[in-house]
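Worksheet for the structure shown next.
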Amino acid sequence: MSSIRIRPRFKDKYRIKPEEVGDLVRKHVAEFDSGCVAKILPTFIVVNIRPKEVHFWSPQLSISFEADEEDNSFTVIRGLYGPNPTVWAFFFYGYVALGILATFLGMYGFSLYYLGHDARILWVLPVLAVAALTLYIVAQFGQKIGAEQMFTLHHFFEDSIGHRIHLE
């Protein structure tokens, strides 16, 4: 399940009514000790690992579903696996901060360079690139730590609706 993709996802059509998806998940949570909990809304479900088993790298599964526009007997289900929103925000803002810093330092450094002044500040750009690469590697490491729980979420949803899901 862990891959080069930061947030694996799936999209599929099932011959089921949209309102039945939430009912199936609710029933599965109630009947089986699957290690998952779910927040169920009319067209959206968030599946998490049971609170006592959650750690910093624990993933969650966000599922949206709606009636297919072409054939109302089908429901289009989209799923997105990802970290806790707090963890996701940390990495997102880390990349944004590094990008903004690299842009402004690059503009300043190259301005100094083209004006013939000392432009040693440009040596910070490779350091920022290494920091971005480190952030990516840490994210991949965290994804590997949460891989087993990601399989738990995946199998929970497959078992709930009774269909096999293939990731994109």
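The numbers here are math on the coordinates, done by the rules we state, and not lab data. Keep in mind that this is a model prediction, so the values were computed, not measured. Every residue, glycine as well, gets a Cβ built from its backbone with ideal geometry; the counts of neighbours run over all protein chains shown.
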task = Using a 10 Å cut-off on Cβ atoms, rank the peptides 112-123, 82-93 from the highest mean neighbour count down.
result = 82-93, 112-123
request  = Would you mind getting me the FRET efficiency between V37 and I165? Use the beta-carbon distance for r and R0 = 25 Å, nearest 0.05.
outcome  = 0.80
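How would you rank 66-74, 97-105, highest first, on the average number of other Cβ atoms within 10 Å across their residues?
Details: 66-74: 11.8, 97-105: 13.6.
So the peptides 66-74, 97-105, ranked by packing, come out 97-105, 66-74.
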query = What lysines could a cross-link reach from K52, if we take a straight Cα to Cα line under 21 Å and drop same-chain neighbours fewer than 8 places away?
reply = K39, K144
key: Selection from L105, F32, I137, by position along the positive dipole direction of the chain (Cβ)   = L105
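At R0 = 45 Å, how high is the FRET efficiency between A119 and L80 if r is their beta carbon distance? Nearest 0.05 is fine.
Details: r = 43 Å, r/R0 = 0.96.
Result of the calculation: an efficiency of 0.55.
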query = On full extension of the chain, what length is gained from A132 through R50, given 0.36 nm per residue of separation minus the C-alpha to C-alpha distance?
reply = 26.3 nm
inquiry  = Rounding to the nearest 10 and keeping the result within 0 to 90°, find how far the Cα-based axis of helix 147-161 lies from the longest principal axis of the chain.
reply    = 30
note = Cα-only Rg/Rh for the range 1-163 with Kirkwood Rh rounds to 1.18
remark   = So the angle from the long Cα axis of helix 18-31 to the longest Cα principal axis of the chain, reported in degrees to the nearest 10, equals 80
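Would you calculate, for the chain, the mean residue ellipticity at 222 nm contributed by helices, counting each DSSP H stretch of 4 or more residues as -39,500 (n - 2.57) and dividing by all residues, to the nearest 500? Please report the intermediate quantities before stating the final value.
Numbers: 4 runs with 81 residues, N = 168.
Helix contribution divided over all residues of the chain: -16500 deg cm²/dmol.
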